[in-house]
Amino acid sequence: MGNSVCKGKTVFMDTTRIKSLQNSSTGVIKAGEHKIKSHLSTESQGLSCFTQDHSDQRDGREIVQGFLGQNKVMIFSVTSCQLSAQVKELFRSMKVSFCVLELDQREDRQEIQQALWELTEQRELPSVFVNRQHIGDWEKTSQAHREGRLQALLDMQEVNLSPDLYDYDLLVIGGGSGGLAAAKEAATYGKKVVVLDYVTPTPKGTTWGLGGTCVNVGCIPKKLMHQAAILGQAIRDSQRYGWELQEKVSHNWRNMRQAVQDHIGSLRFGYSKALRDSKVTYMNAYGEFVGPHQIKATNSKGKETFYTAATFIIATGERPRYLGIPGDKEYCITSDDLFSLPQSPGRTLVVGASYVALECAGFLAGLGLDISVMVRSILLRGFDQHMANKIGEHMEQHGVTFIRQFVPTKVRDEYHPYIFRSSEETVGVELLVYSSFVWFLQVLLAVGRDACTRTIGLDTVGVKINVKTGKIPVNEEEQTNVPHIYAIGDVLEGKLELTPVAIQAGRLLARRLYAEHSTKCDYTNIPTTVFTPLEYGACGLSEEDSIQKYGEDNIEVYHSNFWPLEWTVPARDNNTCYAKIICYKQDSERVVGFHVLGPNAGEMTQGFAAAMKCGMTKEQLDNTIGIHPVCAEVFTTLSVTKRSGGDIAKGGC
Amino acid sequence: MARQYEEVTVRGYDEFMKAVSQRKGKDVFAYFSGSKNEQGISWCPDCVKAEPIVRGELGYLPPGSVFIYCQVGERSYWKDPNNEFKKTLKLSGVPTLLRYGTPQKLVEEECFKKDLVRMMFTED
């Protein structure tokens with residue numbers, strides 16, 4: 001025997017297995033519809049091969065699933081075993097054809113038995129499957145037969161016995177920025193795709209629909225509320241420009257919240273429409289792996305549905321972390337709750353120093369609320385610290401109270417003070433920081449986000465995660481340690497957690513999987529913006545990272561303050577805005593880090609990010625003529641280096 | 001089989017708003033079409049095409065909801081950019097199928113897609 005062609009695929013039988021065949025009682029090789037005749041009876045029992053591609057799979061799970069997919073009745077057996085013989089006799093007596101895999105004849109017996117154990121939690125052989133459902137050992141099989149269940153299963157419609165083994169080509173868990181982008185892209189190549197999305201309500205009961213974090217409780221509502229705060233400042237500035245306000249100006253949280261939620265609703269509806277249009281199936285259900293190619297999806301009513309797919313993408317994102325202190329879930333809110341809060345949060349304590357904490361504290365203060373920020377150690381960990389401190393200073397100057405080096409240890413209800421503890425190791429005592437007449441109406445926790453990977457059955461299918469962080473390590477093609485399972489977006493270890501990154505990764509992955517493309521996602525020089533009251537745009541390395549990578553002597557930092565023309569008339573914040581580039585001296589002063597603090601930092605940064613991708617040098621920057629009068633032109637005239645210690649205070653233009 | 005929804009037919013903006021205000025608190029779906037002539041044919045060809053498709057999905061309307069079939073007026077009235085439907089209800093074209101008080105809206109060719117119509121009637 002050798003190769004035979006079965007429904008368009010080539011079937012290989014390697015010689016070691018053929019030898020084992022000759023030893024066993026089986027002899028016919030049934031390849032799909034082509035039967036190679038042999039001397040055996042018409043009962044067509046035998047070793048049915050399954051279509052195997054040229055990369056010889058040693059993976060036990062793949063082998064088991066392959067056999068299960070191709071054979072209505074599958075028996076994993078041992079030639080010498082009496083119970084195995086009884087099982088075979090049972091099916092013969094029912095005049096049912098079956099396929100047997102004699103494990104004692106196989107080199108990969110261990111892998112297959114391991115896979116069977118993982119799939120069924122049964123170690124004993126024989127192990128019997130009908131229509132891919134596990135019946136059990138001889139005991140259970142004969143009992144099923146007595147009770148008529150066996151016949152019922154046999155009478156069931158043939159399930160997935162064609163080369164299309166699975167319900168779907170692609171199953172995406174998570175309907176956020178990354179998941180939707182990958183799903184839609186895959187659908188354009190004619191693939192059958194299903195997206196599972198489910199939002200577990202917050203402890204406060206907040207929930208939302210399709211679209212993921214960005215649309216519902218992230219970038220979109222955040223920027224809209226940031227804009228609301230900026231407009232407040234603009235109203236104040238406007239008087240210097242001649243506008244005369246007749247009435248007292250105040251902010252109505254409810255109106256803003258409604259407008260923001262309306263917009264989010266229309267975006268979500270747009271996503272639903274786009275998914276339907278692209279023929280992607282969408283299920284509002286919580287997905288968990290229950291088998292190597294099988295997911296259990298549970299909807300809000302508890303109903304379970306099972307799906308199988310050839311390939312999977314995990315795009316489940318993250319959720320805000322709680323502190324694990326008494327009262328945190330009962331009395332605190334997170335960014336998940338903030339943007340749909342029905343009434344103004346009022347006097348709020350923001351716990352944390354992440355960009356989420358500072359952005360939220362920033363716009364809440366901009367709307368006129370009394371805001372304090374409790375910081376355990378440094379601001380914006382991972383970001384350029386020089387810039388982070390300037391952001392903090394600006395917020396402090398504009399009325400935000402920073403409580404540094406403290407952590408909350410207990411949260412009680414609104415009518416009692418909160419208890420905090422100093423984060424200095426030496427102070428191990430609980431201190432009452434505020435007197436009992438001063439308290440907060442709301443505590444917003446923004447101390448980090450945890451990947452949603454712990455309860456989706458990843459251990460069932462063997463996907464490795466970082467046990468401490470929950471994040472999934474992947475290779476350059478976003479592939480996990482299990483070849484047919486991929487991951488994109490915020491769940492990834494060591495990658496920037498940004499919507500455009502997830503979208504790009506998702507699209508390119510779909511193209512690589514289904515359209516023969518080979519472009520991998522480039523995770524370098526990704527521009528970002530922090531929307532604190534003083535916005536911060538950055539692309540490339542921080543000063544700390546560039547020193548570490550190239551050495552302090554090999555980099556040159558050019559910097560300058562600048563004063564936006566628009567702020568001169570209202571006479572505010574001179575010498576607050578700041579521009580900095582980091583150049584690598586050994587490569588013609590190529591710009592390896594771009595940093596800007598100022599209004600519209602995101603708009604300023606986008607163009608420079610493209611230039612950095614082209615390898616822009618300091619000289620090219622200098623040769624670019626600036627646009628006047630705008631903030632970004634400062635980058636075309638940088639001359640003072642940090643090393644020189646020269647004065648960079650600016651008087652405006 | 002008894003219908004689970006209430007169907008209302010109105011002509012013009014005022015009648016539409018009256019029908020809506022009389023049904024506060026209900027889930028109101030509205031289909032806006034160019035008005036039909038004596039032969040029962042609308043001047044808007046897309047509306048003619050979409051109506052059977054939308055009507056075919058009415059069975060998916062949630063129980064207790066309201067379906068308002070609204071004829072907006074003659075072509076000349078519709079073409080005026082200041083007509084009340086465009087100005088106040090922010091309609092951009094006919095046919096339009098929307099869920100009153102929510103951002104859910106299907107406009108023109110979107111109404112030809114029965115999947116989208118069904119999605120709007122069945123999604124929360």
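Since every read-out is calculated from the coordinates, none of them should be taken as a lab result. Keep in mind it's a predicted model, so treat the numbers as computed, not measured. Note: ideal-geometry Cβ built from the backbone for every residue, glycine included; neighbour counts use all protein chains shown.
I need the Kirkwood Rh of the range A:106-157: take the reciprocal of the average 1/r across all distinct C-alpha pairs and report it in angstrom. Don't skip to the end; give the middle numbers.
Numbers: mean 1/r = 0.0847 Å⁻¹.
Result for the range A:106-157 stands at 11.8 Å.
What nm value, rounded to one decimal, do you get for the distance between residue A:254 and residue A:603 when each label is placed 7 Å out toward the C-beta?
3.4 nm
Between residue A:245 and residue A:441, how high is the FRET efficiency from 1/(1 + (r/R0)^6) when r is the Cβ-Cβ distance and R₀ = 35 Å? Nearest 0.05.
Details: r = 28 Å, r/R0 = 0.81.
So the FRET efficiency works out to roughly 0.80.
Give the separation of the Cα centroids, the range A:188-211 to the range A:311-341, in Å.
Cα centroid of the range A:188-211 versus Cα centroid of the range A:311-341: 16 Å apart.
Of A:641, A:605, A:579, which is farthest towards the positive pole of the range A:502-653's charge dipole, taken about the Cα centre with +1 and -1 on the beta-carbons of Lys, Arg and Asp, Glu respectively?
Looking along the dipole axis, the top candidate is A:605.
Within the range A:113-141, find all residues whose amide N lies under 12 Å from a label point positioned 7 Å from the Cα of residue A:290 along Cα-to-beta-carbon.
Counting backbone N atoms under 12 Å from the label point, the list is A:133-134.
When we measure straight from the Cα of residue A:88, which aspartates and glutamates land under 18 angstrom away, once same-chain ones fewer than 8 places off are left out?
Cross-link targets: A:43, A:102, A:104, A:124, A:137, A:139.
Do any of B:26/B:105; A:468/A:613; A:495/A:613; A:273/A:471; A:296/A:329 go past 23 Å between their Cα atoms, and which?
Result: A:468/A:613; A:273/A:471; A:296/A:329 exceed 23 Å.
Of the listed pairs A:222/A:642; A:279/A:303; A:222/A:410; A:191/B:87, which have alpha-carbon separations greater than 32 Å here?
Flagged as over cut-off: A:222/A:642; A:191/B:87.
Can you work out the base-10 log of I(q)/I(0) for the range A:238-302 at q = 0.27 1/Å, using the Debye formula on its C-alpha atoms alone?
Evaluating at q = 0.27 Å⁻¹ gives log10 I(q)/I(0) of -1.07.
Return the FRET efficiency for the residue pair residue A:108, residue A:82: r is the Cβ-Cβ distance, R0 is 30 Å, and the value is rounded to the nearest 0.05.
On the way: r = 24 Å, r/R0 = 0.81.
With R0 = 30 Å, the Cβ-Cβ based efficiency is 0.80.
What are the aspartates and glutamates whose alpha-carbon lies under 15 Å from the alpha-carbon of residue A:390, with same-chain residues fewer than 8 places away excluded?
Qualifying aspartates and glutamates at Cα under 15 Å: A:359, A:535, A:543, A:573.
Report the label-to-label distance for residue A:469 and residue A:378 in nanometres (one decimal), using points 7 Å from each Cα along the Cα→Cβ vector.
The answer from the label model is 1.6 nm.
With a Förster radius of 25 Å, plug the Cβ-Cβ distance of residue A:640 and residue A:548 into 1/(1 + (r/R0)^6) and report the FRET value to the nearest 0.05.
Working: r = 24 Å, r/R0 = 0.95.
Step by step, r from the Cβ atoms, then E = 0.60.
Among B:41, B:68, B:53, which one shows the highest mean-square fluctuation when chain B is modelled as a Gaussian network with alpha-carbon springs under 10 Å?
Highest fluctuation among the options: B:41.
Given the Cα-Cα distance of residue A:325 and residue A:279 and 0.36 nm per residue of separation, how much length would full extension add, in nm?
Numbers: separation 46, 0.36 × 46 = 16.56 nm, distance 4.56 nm.
Stretched out fully, the residue A:325 to residue A:279 stretch lengthens by 12.0 nm.
Which value in nm describes the separation of the simple spin-label points at residue A:95 and residue A:410, placed 7 Å from the Cα toward the beta carbon?
Rounded to a tenth, the inter-label distance reads 7.8 nm.
Among A:266, A:281, A:350, which residue has its Cα furthest toward the positive end of the charge dipole of the range A:237-372, with +1 on Lys/Arg Cβ and -1 on Asp/Glu Cβ?
A:281
Sorted by average packing, counted as other Cβ atoms within 10 angstrom per residue and highest first, what order do B:80-86, A:350-356 take? Walk me through the numbers before you get to the answer.
On the way: B:80-86: 13.4, A:350-356: 25.3.
Packing proxy ranking, top to bottom: A:350-356, B:80-86.
Among the Cys residues of chain B, which have no other cysteine Cβ under 4.7 angstrom away?
Within chain B, the cysteines lacking a partner Cβ under 4.7 Å are B:70, B:111.
Given all pairs of different Cα atoms, what value in angstroms does the Kirkwood hydrodynamic radius of the protein assembly as shown take? Show your work: numbers first, answer last.
Details: mean 1/r = 0.0321 Å⁻¹.
Taking the inverse mean of 1/r over all distinct Cα pairs, the protein assembly as shown comes out at 31.2 Å.
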